[in-house]
């Protein structure tokens, strides 16, 4: 099995979060986690949508504006499992969003 590349997203708080890098879209198992839908610009990542889900297999259902993601030409999804509860998943997503913003979240 090939190694899955990873990336570190740093939140506004300065905390680092390790995410695994996959092509978008991706099918995940039914586990809670966080995700960053993004696109590769040069050698860096630009967030398109930053979120979390109780069930990563249904992460698209947590997004209100899926057409925006398609219009932004998302290429990858960075994700990791996070069983620490909804409040911790929300806190992490907000921390990253506060620092990086995203193209499909105002």
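What follows draws every value from the coordinates through simple rules; no lab data is involved. Not measured: the values here are computed from a predicted model. Glycine gets a Cβ as well: all are built from the backbone with ideal geometry, and neighbour counts include every protein chain shown.
Backbone N atoms of segment 77-106 closer than 18 Å to the 7 Å Cα→Cβ label point of residue 66 belong to residues 77-78, 104-105. Spherically averaged projected area of the convex hull of Cα atoms, segment 57-106: 4.0 nm². This ranking places 55, 3, 95 by how few other beta-carbon atoms lie within 10 Å of each, fewest first, which gives 3, 55, 95. Cβ-to-Cβ counts within 10 Å put 21, 36, 66, 106 in ascending order as 106, 66, 21, 36, the fewest first. Over segment 21-83, the ratio between the Cα radius of gyration and 2.2 N^0.38 Å evaluates to 1.04. Multiplying each eigenvalue of the alpha-carbon gyration tensor of the chain by 5 and taking the square root yields semi-axes of 17, 16, 15 Å, largest first, rounded to whole angstroms.
Quick one: order 73, 28, 35 by neighbouring beta-carbon count within 10 Å, fewest to most. Walk me through the numbers on the way to the answer.
Details: 73 10, 28 18, 35 27.
Fewest-to-most ranking of 73, 28, 35: 73, 28, 35.
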